[in-house]
Structures are given as C-alpha cells and as structure tokens.
Amino acid sequence: MASVGIEWINNFPAPCTQNTLSYCDDTSVGFLNGMVSRGHTTAFNWGNQNAFETDFRESSLGGDDGHWVDAVDFAHFSAHGGTNSSNIFQGYLGSHNASCTWRSDQARYGNNFNLEYLIIDACNSLELTRDIIAVWHNTFQVLHMIFAFTDLVSDSWWTGGRCYNNGRRAGNNEKLTDAWLDEAYSFWCDDNPVTMAAGRSQADAINRRDNERLNSGFGDIPHNEIAYYAWKWRS
Amino acid sequence: MTIRYAKELPNQVPASLAVYRLAPPQSTMTQAAAMSQRFGLSGKMREFTISDDWTGYQEGRIRISVHRNSGALRYINIDKYGMEREKEFRLSEQESEQISRDFLGRTRMYSDKLMRLHKITYLRSGSSDLEGKEKTEKLIDAGVIYRRFVDETPVEGPGGYTMVNIDPEGEVVGFRSIWRQTLRREAKVKIIPVGQVVEAFEKLVSNVEGDLTVTAANFGYFEQGELDRQLYLEPAYVFIYTVQNGEVAHKSIEVIAAGQRVFAKLQGKKRFDPGKQEERKPA
C-alpha cells in the first residue's frame, strides 16, 4: 500500500504572479483518485495557496520535506515549471511561504525519509536539452524514479485526464514507466513525458526504469551507490 | 500581450458539414473477446479483468482492453511492449509504415480510405554514468500514428487516431486507438467562417500575459479522448498555443465549435473534485 501526497497550483496571485493555469487540480487529484481507486492512501492534498515551498525543500536546508513530500511513497506536483541554464528546476507556487518556487538543488528525497516516486506535471521538468543528471542527481537520495516532461506540457481539459490514467495503472501495479509514458504522451499536443531512474550500474538503471512497479521489490539505492541513470521518452 | 501565428487556419473550409451520431462503445466481455479475434486471437479464453472504466481480455501474452466510455482500444504484448533490448530499432520509416498497414489491414477495423499517416514517433532510451562519459541513446520502438478522416475532413482532438508500436524485430507489440464508430448522419451544419473564429480565439486569450505563439491552428471534426463519452462527431476549430511570460512558459488549447448549430459541448466540467481547501497556516 502506497501513501500519496499531491500539491497543485492553478492560481498565482502577487507576489508570486504568473499566468493562471486551469487543470493542475485535475491532473493532481486525478492521479490521487486513480491511486486511491486501487487501494492506496491519501496523505495530503494541498492546492493553490496551501502548497508551500518548504514542503519540497530538504529539512537540513531549512525546509520541511520530512513532514510532507519526503514523507510519502508517491508525490505529485502540478503547476508551472522550468529548468534554467544553470541546470536548476524550479516549480512555481501560488503563495510566498518562504519562496515562490521550490528548487531541485534544494530537494533531497529519500534521505532518512520515504519518497520513492516523484511526478512533476510541469513544463521542462525533465528537460532533455539540459543536463538532467546535474539537475536531479542530488535529489536522488533514496528516491527511485522521477516522472516528468521535456519541453512544454499542455494545460487543458482535453489532456487533463492523463494523470488519472497514470494513477490507476501505477496503483494497479503496472510498470511505472509504461503507465507514465503511455498516459502522458500526446502527439496531438506534442506533450513528451520522460521517466528517469537511478541504478548501481547501467543495466540496473535500465532494468529499474523498464520494470519497476509499486510492488516489484526493487530495493533502495543509497545516494553514494548511484552510478548510472537511465531515462526513456517518446517523441 | 502579443499574438504570433506560427501556424494559421486553412484559408478554405467547407461551407457546411454533416454531424454524425456516434455508436455506443463495444465494451462488454463478449464484445472484447470478439474484438480479440481481429488480432488473431481465439477469443475463447476466460481471462477477463473488469474495472470501473476498462474491460480487459488476456490470451497468452496479449492483453486487449476496451474503455467503457469511449470504446478506446489497446493491445499490448505484455512481455515485449516498451522493453529495451540488445538490438536497437533500425527499421526505415517505409518499413515501419508497411508493417503497421499490414497489421491494421489484418484487423479489418479501419478502411485505408478513412486514415492517413500522420507521423512516426519513437520510444527512446538514454543512459549515462554520473560524469557523462558513458552516455548512450537508442531507439526502442516506432509508434506509427494514423489520423482519422471523415468525409475527407481530418479528425482533430485527442481522439480520432490509431498508433501501432513496432519493436526492433519488426513485430507489432502494441496498438491503441480512439476511433468511435459513426452510427448515422444526424444533420448538416453551416460552418462559421475562419475570420470570425480567429476573432473569437483572440478574445478568449485576451487576458493572457506574455508572448503567445499559435503552434497549431486546425479545422476538422473533433473527437474526444479516452475517458469521455461522446454522442456526436461535429466540426471544430482547434488552436494550440504556447505562452512565454518572462522566464515561465506554458502551453494551452482552445477548441471552438465550428458549426452554427452545436449538438454537444466540446469541453466538460472538471473531471475530479479537488475538495475544499481549508486555509493552511505555515508551521
């Protein structure tokens, strides 16, 4: 049984002003509903102004991830996002609780806590024109996989069901990579999902990326034993 | 805000188009088993999985699933689909297209006249050590996508397509389609002119901040996605656009009914209730 936490932001009032999004609640809550429909449990559901930057930031760096994102098995974030030329991903928030963005260089998941799988339903979140290992390596403490997008991803009613399908399949113990790539890909909108997995070797990373399921029994890899990453995408 | 049209609507659209009533999905166990025979299976096994939204049938290593709302269909080889193997995918586009057409021909589901090759996508694999010294990239499969046409008019939207997945050995290891069958012509509708629709689109996005670029502007029948029930196939204009606002970008879509008479909404309510958010105080 996996515990699931979601954070989603549609509204970005000052001082965190950004264009309004419309369906981040549908993608995050859809994922949660898909998982819960297969027997998994809800840990938290923070939306709009209730999604805090500190929920994502490492506790030893002044954050509170040990009570939130890093305290669940599966976390889902849906909002604006972007990876800059310094290889830092920023997830945008709708309230200034410490900061209007959470950053990949301040995220450490799985260290002393729990998070195994992170979905980032946001633009440029596993951006293949950047160095994705530089962006995310420090985040993989005991974290197993990240599911995200290269390039921009659509915010629309017509594609808003993607994460329900993903949650339903992931929760049903299907291969996590297939569940993400199949459901989040849209040739119509040119939405290109990516999966990234850590491994002790190249073969291990590929095996985990292609075969890991919620109940497949792949063990944790301490950060200092990660030697390879494998990723997969459709375009 | 500025609007730039990287793609524009076609100059010419038909003066009128038929609206079709769609057939209900064929998603019972009996129908799923019968469907499997189109894929060369016996349809006689008794291994079904029923959930609130899908009916699944498995025979050997092949699983077929039919969505209860849309009739969307999936076929996968559960051992081979999406798996990276030693051998890289190296078939040419022509070979991939031929294999996919042969496969679809055997299923006798979609007439050649009603579908056109849209694009060939690839499932891609990358791996690297931490320093990037041993970086690899390879192709795992080809996903050959065909779009649906009705009365020579393309079908737009998240539906109205089929994709055939081919592995490096040239075997079809996956297939999916959203292709609701038409039942009858319901009516004929006059089409709203392009100029009027562009005006409506620009009004819809007038509150967006930043530089807006229209990356796709299409006219066609509109078919909904997998999760949604749809009773009518009717014409629509579609705009897909990106917005760059400072360092933050996003992508969105507007779908505007093209018929002067509209039979059903092209956009429904949100699918999932987020629940009430009580105000949260920082710790």
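The values are calculated or read from the model by the stated rules, or taken from the named source; none is laboratory data. Nothing here was measured: the structure is a model prediction, and the numbers come from that model. Cβ atoms come from the backbone with ideal geometry, glycine included; neighbour counts cover every protein chain shown.
Whether any residue in the stretch B:83-95 is within 14 Å of B:VAL144 (Cα to Cα), within 14 Å of chain A (Cβ to nearest Cβ) and either of a type in the set (Asp, Glu) or surrounded by 14 or more Cβ atoms within 10 Å (Cβ to Cβ) (or both) is what I want to check.
Checked the stretch B:83-95: at least one residue is within 14 Å of B:VAL144 (Cα to Cα), within 14 Å of chain A (Cβ to nearest Cβ) and either of a type in the set (Asp, Glu) or surrounded by 14 or more Cβ atoms within 10 Å (Cβ to Cβ) (or both).
Condition first: in a helix (DSSP H, G or I) and either more than 11 Å from chain B (Cβ to nearest Cβ) or within 24 Å of A:ASP70 (Cβ to Cβ) (or both). Can you find one or more residues in the stretch A:147-156 that meet it?
So the first thing to find is which residues in the stretch A:147-156 are in a helix (DSSP H, G or I), and the list is none.
No, that holds for no residue.
Pick from A:ASN87, A:ASN114: which is more than 13 Å from the chain's Cα centre (by Cα), part of a loop (DSSP other than H, G, I, E, B), under 22 Å from A:ASP151 (Cα atoms) and not basic (Lys, Arg)? Walk me through how you get there before you give the answer.
Values: A:ASN114 fails: under 22 Å from A:ASP151 (Cα atoms).
Criteria check complete, one pass: A:ASN87.
Assess whether A:ASP178 counts as being closer than 21 Å to B:LEU139 by Cβ, modelled with pLDDT of 95 or more and either surrounded by fewer than 22 Cβ atoms within 10 Å (Cβ to Cβ) or in contact with a strand residue (DSSP E or B) (Cβ under 7 Å, 6 or more places away or on another chain) (or both).
Answer is no for this residue.
Is it the case that the stretch A:98-109 has a residue that's under 17 Å from A:TRP180 (Cα atoms) and either among the basic types (Lys, Arg) or within 14 Å of chain B (Cβ to nearest Cβ) (or both)?
No; the residues of the stretch A:98-109 include none that is under 17 Å from A:TRP180 (Cα atoms) and either among the basic types (Lys, Arg) or within 14 Å of chain B (Cβ to nearest Cβ) (or both).
Out of curiosity, is B:GLU171 within 16 Å of B:GLY105 (Cα to Cα) and either more than 10 Å from chain A (Cβ to nearest Cβ) or in contact with a Lys or Arg (Cβ under 7 Å, 6 or more places away or on another chain) (or both)?
Yes; evaluated as a whole, the condition is true for this residue.
Please enumerate the residues belonging to the stretch B:114-131 that are free of Cβ contacts under 8 Å to residues at least 24 places away in the same chain and more than 7 Å from chain A (Cβ to nearest Cβ).
Within the stretch B:114-131, just B:GLU131 meets the criteria.
To keep it simple, each residue is scored yes or no on (1) more than 9 Å from every other protein chain (Cβ to nearest Cβ); (2) on the phi > 0 side of the Ramachandran plot.
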position: A:ASN48; (1), (2): no, yes
position: A:PHE52; (1), (2): no, no
position: A:PHE56; (1), (2): yes, no
position: A:SER60; (1), (2): yes, no
position: A:PHE74; (1), (2): yes, no
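Every residue in the stretch B:36-54 that is in contact with a Lys or Arg (Cβ under 9 Å, 6 or more places away or on another chain), aromatic (Phe, Trp, Tyr) and more than 14 Å from chain A (Cβ to nearest Cβ), please.
B:PHE39
Would you check which residues across the stretch B:60-82 are more than 12 Å from chain A (Cβ to nearest Cβ), over 17 Å from B:ARG180 (Cβ atoms) and touching a helix residue (DSSP H, G or I) at 6+ places or on another chain (Cβ under 6 Å) and list them?
The one that is more than 12 Å from chain A (Cβ to nearest Cβ), over 17 Å from B:ARG180 (Cβ atoms) and touching a helix residue (DSSP H, G or I) at 6+ places or on another chain (Cβ under 6 Å): B:ILE64.
Tally the residues that are in a strand (DSSP E or B), charged (D, E, K, R) and more than 25 Å from B:TYR237 (Cβ to Cβ), restricting the search to the stretch B:118-154.
Of the residues in the stretch B:118-154, 5 are in a strand (DSSP E or B), charged (D, E, K, R) and more than 25 Å from B:TYR237 (Cβ to Cβ).
In this structure, does B:ILE240 turn out to be surrounded by 15 or more Cβ atoms within 10 Å (Cβ to Cβ) and more than 10 Å from every other protein chain (Cβ to nearest Cβ)?
For B:ILE240, the condition - surrounded by 15 or more Cβ atoms within 10 Å (Cβ to Cβ) and more than 10 Å from every other protein chain (Cβ to nearest Cβ) - is not met.
Determine which member of the set B:GLU223, B:GLU209, B:GLU234 is closer than 30 Å to A:LEU93 by Cα, outside the structural domain of B:GLU152 (by TED's automatic domain parsing) and touching a residue at least 24 places away in the same chain (Cβ under 8 Å).
Being closer than 30 Å to A:LEU93 by Cα, outside the structural domain of B:GLU152 (by TED's automatic domain parsing) and touching a residue at least 24 places away in the same chain (Cβ under 8 Å) holds for just one of B:GLU223, B:GLU209, B:GLU234, which is B:GLU209.
Hey, which of the strands (runs of 3 or more DSSP E) in the stretch A:19-83, taking only ones fully inside, have at least 1 residues that are within 14 Å of the chain's Cα centre (by Cα) and surrounded by fewer than 24 Cβ atoms within 10 Å (Cβ to Cβ)?
Passing ranges, in order: A:81-83.
Among the residues of the stretch B:189-206, how many are touching a residue at least 12 places away in the same chain (Cβ under 8 Å) and charged (D, E, K, R)?
Residues meeting the conditions: 2.
Quick one: which residue in A:ASN124, A:ASN192, A:ASN165 is of a type outside the set (Phe, Trp, Tyr), facing chain B (nearest Cβ under 8 Å) and not in a helix (DSSP H, G or I)?
A:ASN124
Consider the stretch A:195-216. How many of its residues are assigned to a strand (DSSP E or B), under 27 Å from B:ARG74 (Cα atoms) and of a type in the set (A, V, I, L, M, F, W, C)?
2
For the stretch A:1-51, which positions are within 16 Å of A:HIS80 (Cβ to Cβ) and touching a Pro at 6+ places or on another chain (Cβ under 7 Å)?
A:ASP25, A:GLY47
Rundown of residues vs (1) of a type in the set (S, T, N, Q); (2) at pLDDT 95 or above; (3) in a loop (DSSP other than H, G, I, E, B); (4) over 24 Å from A:ASP151 (Cβ atoms), yes/no style:
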| position | (1), (2), (3), (4) |
| --- | --- |
| B:GLN196 | yes, yes, no, yes |
| B:ALA200 | no, yes, no, yes |
| B:PHE219 | no, yes, no, yes |
| B:SER252 | yes, yes, no, no |
| B:LEU266 | no, no, yes, yes |
| B:GLU278 | no, no, yes, yes |
| B:ALA283 | no, no, yes, yes |
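Can you run down the residue pairs with Cβ atoms below 8 Å, 6 or more apart or on separate chains, where the first is in the stretch A:217-235 and part of a strand (DSSP E or B) and the partner is basic (Lys, Arg)?
A:TYR228/A:ARG200; A:ALA230/A:ARG208; A:ALA230/A:ARG209; A:TRP231/A:ARG209; A:LYS232/A:ARG209; A:LYS232/B:ARG124; A:TRP233/B:ARG124; A:ARG234/B:ARG124
Considering only residues of the stretch A:168-179 that are free of Cβ contacts under 8 Å to residues at least 60 places away in the same chain and part of a helix (DSSP H, G or I), which is nearest to the other protein chains (Cβ to nearest Cβ)?
A:ASP178
What is the number of the single condition among (1) at pLDDT below 95; (2) buried (at least 19 other Cβ atoms within 10 Å of the Cβ) that B:SER42 does not meet?
(2)
Among the polar types (S, T, N, Q), under 24 Å from the mean Cα position of the chain (by Cα), assigned by TED's automatic domain parsing to the domain that holds B:ASP102 and outside any loop (DSSP other than H, G, I, E, B), is that true of B:ASN165?
yes
State which residue is nearest to A:SER28 (Cα to Cα) when the search covers only the stretch A:162-175 and only residues that are of a type outside the set (Asp, Glu) and surrounded by fewer than 24 Cβ atoms within 10 Å (Cβ to Cβ).
The extreme case among them is A:ASN165.
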